[in-house]
1. Answer yes or no as to whether A:L97 is over 23 Å from B:E1198 (Cβ atoms), touching a strand residue (DSSP E or B) at 6+ places or on another chain (Cβ under 7 Å), more than 14 Å from chain B (Cβ to nearest Cβ) and in contact (Cβ under 8 Å) with a residue 24 or more places away in the chain.
2. From the list B:F1124, B:F1136, which one is away from chain A (no Cβ under 14 Å) and assigned to a helix (DSSP H, G or I)?
3. Checking B:Q293 against (1) without any contact (Cβ under 8 Å) to a residue 24 or more places away in the chain; (2) polar (S, T, N, Q); (3) in contact with a strand residue (DSSP E or B) (Cβ under 8 Å, 6 or more places away or on another chain): exactly one of these is not met. Which one?
4. Which of the residues spanning region B:894-914 are touching a residue at least 12 places away in the same chain (Cβ under 8 Å) and outside any helix (DSSP H, G or I)?
5. Just checking, how many residues over region B:382-408 are at pLDDT below 85, of a type outside the set (K, R) and under 22 Å from B:I726 (Cβ atoms)?
6. More than 10 Å from the chain's Cα centre (by Cα), of a type outside the set (F, W, Y), more than 20 Å from A:V110 (Cβ to Cβ) and not in a strand (DSSP E or B): is that true of A:V84 in this structure?
7. I'm trying to understand the selection: among the residues of region A:32-49, which are more than 9 Å from chain B (Cβ to nearest Cβ) and surrounded by 24 or more Cβ atoms within 10 Å (Cβ to Cβ)?
8. Mind checking whether some residue in region B:994-1013 is of a type outside the set (F, W, Y), in contact with a Pro (Cβ under 8 Å, 6 or more places away or on another chain) and touching a residue at least 24 places away in the same chain (Cβ under 8 Å)?
Amino acid sequence: MLNKAAILIAEDEAYIALALQWAVEDAGGIVIGPAATVGQALAQLDKHSADAAILDVNLGDGDITQLVEKLLALGAPIIFQTGVGLPPKMAARFPGLPVHIKPCVPEFLVEQIGEMLRAK
Amino acid sequence: MSAQDNINASPPNGALQHGLGDSADEPAPLAEPATDQGIIVGIGASAGGLEAYRSFFSCMPADSGMAFVLVQHLAPDHKSMLAELLGKVTTMKVVEAADGMAVKSNSVFVIPPDATMTIQNRRLKVDRPAPPRELRRPIDSFLQSLAEDQGECAISIILSGTGSDGTLGLTAIKEHGGFTLAQAEYDSHAMPGMPQSAASTGQVDDVLAVEAMPARLIAYSKHMSGVAGSKGGDGMRHDAASHLATIMGALRARSGHDFSHYKEKTLVRRLQRRMQVLEIETPAAYIERFRAQPEELDLLFRELLIGVTHFFRDPASFEALDELVLKGLVADKGADDEIRIWVPGCASGQEAFTIAILLREAMDRRRPKPKVQIFATDIDERAIAIARQGRYRRPIAGLSPERAERWFAKEGNDCCVIPEIREMCIFSTHSVIKHPPFSRLDLVSCRNLLIYIDAPLQDRVMKSFHYALKPGGRLFLGSSESVTRSTRLFSVVDKKHRIFARRETDGIALPDFSVAGGEVGSSAPAAQPELIDNRIEKSARRLMEQHYPPHVVVDARHQIVRFSGGAIGPYLEPAAGAPSFALFDILRRPLRSPVRVALQEAQSKSASVRHEAVPVRLDKRLRLVTIIVEPMIENGKASYFVLAFQDAGPGAAPTSESVGTHSAAIVQSLEHELRTTRTQLQSTIDELEVANEEMKSSNEEYQSVNEEFQSSNEELETAKEEMQSINEEIQTVNAEMASKNEQLTIVNSDLKNLLESAEVATLFLDEHLRVRNFTRGLTDIFHLRDTDVGRPITEIVSLLEYSELKRDVATVLRDLIMIERQVTLKDAGMSFILRLRPYRTIDNVIDGVVLTFLDITSREAIDAALRETQDYLRLLIDTVADAVYCVDTEGKTTLCNAAFLKMLGFADHADVVGLNLHSTINHSRADGTPYPEDDCPICRTAKTGESCHRDDETFFRFDGSRIPVEYWTRPIIYEGELKGAVCTFMDITERRKFDEQQGLLLKEMDHRVNNLFAVMNGVVSLSATSAPTVKDLAKAILGRLEALANAHRLVRANDSGATIAQQKTKLSELISTILASHVDMAKSGADARAKIEGPDVEVAGASITTVALVIHELATNAAKYGAFSNAKGRVDVLWFVENGILELSWTERGGPAIAGPPEREGFGSKLARTSVSGQLDGKLTFDWKPEGLTVRVSAPMERLAPSPV
């Protein structure tokens, strides 16, 4: 379904990260990460090119704006998942991006990202 | 000598020095005509007149050709800005007047402060300093001098101002032919007072709003220059005089008064003024005008009657009058005597009242006082009406403050002559020219009347005065009048002050008043019968009687109308029968024939007849009697005859012999008899003539008596009219009195009830401390009974500890102040506030004192209780934690408590109370915008009574800092009336902070719960991919959830308030907690199932679940296949940190032997490995040794416990 598309996963909660990872892999995608921090994610992006990304808004080391911008520069579709919603600053800055409130079924997110990729 | 000459002979005595110009002198023609020099406008206003001035000049063009002189009431020490201020509204030159400055057209001159300004020959005269305030009438002074200097080229305007200054000046302007305006009352700039006073004289030509004045002035000025050509060198119009007769005729027909003997100049000047005011060009047009509007004649009539009069006009003259006449008059009179004074031409009564005041003052020390009657007359009914009221506007010109105080009662803006003075004067309309004079007068005061009338009429009036005065009576004239034409009638007493004495002169006839006034001048005074002094005449006649021949006076029908004295007896003989006056009935027979002859002769000839020595046989003796008949010729006809007899001695009887013998002798005898008869006749005629003469003189006597009667009659009529008006007045007053009486009865009964029931003890004392009245309550203090009224209070037993009563009463009566004392009763322990006030009667006379005793015994207790309550309330309000304050309906703070001051940072109540709170502290809406006062809910409550509650607002403290508040406002309603609002508020900073935390906490909770669900989601998803059976799945899920729950409990035990990122725990504790759900961690030593050892390492944030998960998976694996699957296997978990990397080893021993790595990597292992590499950025390796599995984990320390962002 994902046709070996490279999906960056940034999630600091291990079970969620793994569930997502396996869901992506089950759908035929290649997982970059999962990264638990912004730094890790950026480091991953230096090494691998990502086609899309599923990002937790609250990563251990802070603001993900830089990461989002980099992904947008790559033209990668992004899905946010968060426990509390997008901070107002982020929502204002990236108004078009889909936001999903946890808990989300991993397969659902994967389906969404697949659609976004196809729509690209 | 004309009045004009009088002016030159003795100028008016420097009245200007007193600021009161004497302007009633016959307006002298100006030295030079002023028409080519432009009009001068004098404008008067009081200190507040600036607005009016500005409006006036902003409407006045700068090239009007007029000059303006502004006279304002200025404070003496105040530098006037008027000139500068007016310079801004007009382009005319505005200057402050200086002495000697010439008045130029198109300029404005302003009076300097502290000065009296006058004008002479168009030059301003400035005298400093101004007289003291009470005498200062700068507007009057200036206008009077302006009137004299400029005549009809003077205009006066009275603008806004208080008082009556300007009124006299305006009258003077008008009297001299000028034009007068006053500001209308409805004018927005006007203050009543001066304009009103001016207008009330009736001398104002026009009452206008100040804006309308300039246009009126320009029209007036234009008209004036238009008619200038028709005026002569003396400013008189040539054409006016010729029409004067017509106009005066019409005036006489309308008013009944004849002005034809007024001086022509006066008449023309006044007529000219009317025409000027009406802007009428020619006298003919004026005649047209009054034919169309007869009311114009009434205005002309008033115009002719203008006279300046005021109290004590020419003070020096009145002083002389007082000294030379009035004091003597009072001294000479007894209680039953009467002082009779006549003031003809009294106008509005000032002169009469002045004399009344002087007389009254002269009588001060006389008791009993003689009766005084001052007949004050004038032809102007309106003036008489004003005089009868005796009411004048304050301050009264010419009157000293002492006299004003003593003889006048203040009534609003006016003062009224007190009744005592008023009753001395009798006012009536009466013409000194037309009506007979009063009689038996002591003084005639006729000031400034003669100057208006021509010489013949002056003579006539002087004769009237002479007749009216009793012998020795005095005449008082105006300063420019004289008796020079009538020195025969009056002698000089004081030349300077014009006081004259009546001369005893015979043969002065009273002018005839029976004919209409108009014919007076034309009828020759000589034709009038002369008045004969009766007494002298009578005595003389009585003396002469014995020398007269006996005579009778008969009329044409021979009826006797007069007998002479006794000597007539021998010639008369009463006839039998009814008494008869027929001459020939009672004349002795022998006389009848010769008398008849003589009478007939005299009758036919209308001349005297004398028949000498007519022989008549009387009493049987022959007498020779001379008969004289003298006709009394009246109107060319003899209607009376005097028949007189003169005894010419005995006659010889004719003898019959001689008659018989000598016819010649008979003839001779007859001839003789005839002669005698003729003589007799002649004497009879002569006698008749004498009788006639006597009759004539009697007649004259009667006539004089008649005149006397007539004048008394006139006087009576005047008195009657006065009586009638008084009667009517009395009736009105009576009705009023009746209703007042009724009211009084009610008031009296009210008063009685009041006194009976009044709680306040009140005592009324007269000035000698005698009890006048008291209330019931007073009996507690003084032992008073009703019978004590009239007794001095000092005789009454008092329970009061108060000895200064007498002194205090004296003080109150002297200083007219209120005295307050606190006094106590001797034994009862009661205390009172005693107030002593002067007792004023309704007419404001002090007549004793009023004492009120206010019982303050209970009041003091109440006061104390009240104070206590107040203190208690104050304490209460100050101890509450909430801030409280009150505002009134205006937004002013009326109260605030301690919490208020503290919360808002004020030091003292005084910083807040009494100030507008909204502007002092202010507050803002929830969004931070400040409230305008109108929207402020607190102010609104105070204004509308609508309560409100807010908790989203911010108050600003005194120092500008803000505090969030919650407040409640409630209206303060006292007895149904909204008095303001009370506001209670509290500082909600702490609550706000708590709410904020609560919000954060909730958010965190939400985050965590969501996170937890997400984690569970992950757990379930992951577990589902590997569990072969549902039972396995459930077990796997439960095991993982338990690990998570344990980790969470651990974390929560350490720190409950931290966020997920802030949570931390020790690695050793975390591991032992997870392991505890798989093996008994209580065992120790050799039996111990697990050894956990390493340096203190913290695990934080999301790494906690990762570590928990990894350990749980390893333990689960060990429980299934490794060291925990039997009863004795053990696991050593050891770690160390090197170069920031945690190196951890999981070594299983004592479990079943391991054949090698499993064929397929188990789910748990995979989970553990991916977690470490993904979440911890580390590495996890499995070493499947036969003696047991060894797992090595290496991960960077900073991932285990990331420093929080």
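1. For A:L97, the condition - over 23 Å from B:E1198 (Cβ atoms), touching a strand residue (DSSP E or B) at 6+ places or on another chain (Cβ under 7 Å), more than 14 Å from chain B (Cβ to nearest Cβ) and in contact (Cβ under 8 Å) with a residue 24 or more places away in the chain - is met.
2. B:F1124
3. (3)
4. If the condition is that a residue be touching a residue at least 12 places away in the same chain (Cβ under 8 Å) and outside any helix (DSSP H, G or I), then B:T894, B:L895, B:C896, B:N897, B:G905, B:F906, B:V912, B:V913, B:G914 are the ones that fit.
5. Total satisfying the criteria: 8.
6. So A:V84 fits the description; yes.
7. Hit for region A:32-49 is A:A41, nothing else.
8. Checked region B:994-1013: no residue is of a type outside the set (F, W, Y), in contact with a Pro (Cβ under 8 Å, 6 or more places away or on another chain) and touching a residue at least 24 places away in the same chain (Cβ under 8 Å).
The values are calculated or read from the model by the stated rules, or taken from the named source; none is laboratory data. Note that the structure is predicted; figures quoted are calculated from it, not measured. With ideal geometry, Cβ positions are generated from the backbone for all residues, glycine too; neighbour counts draw on all protein chains shown.
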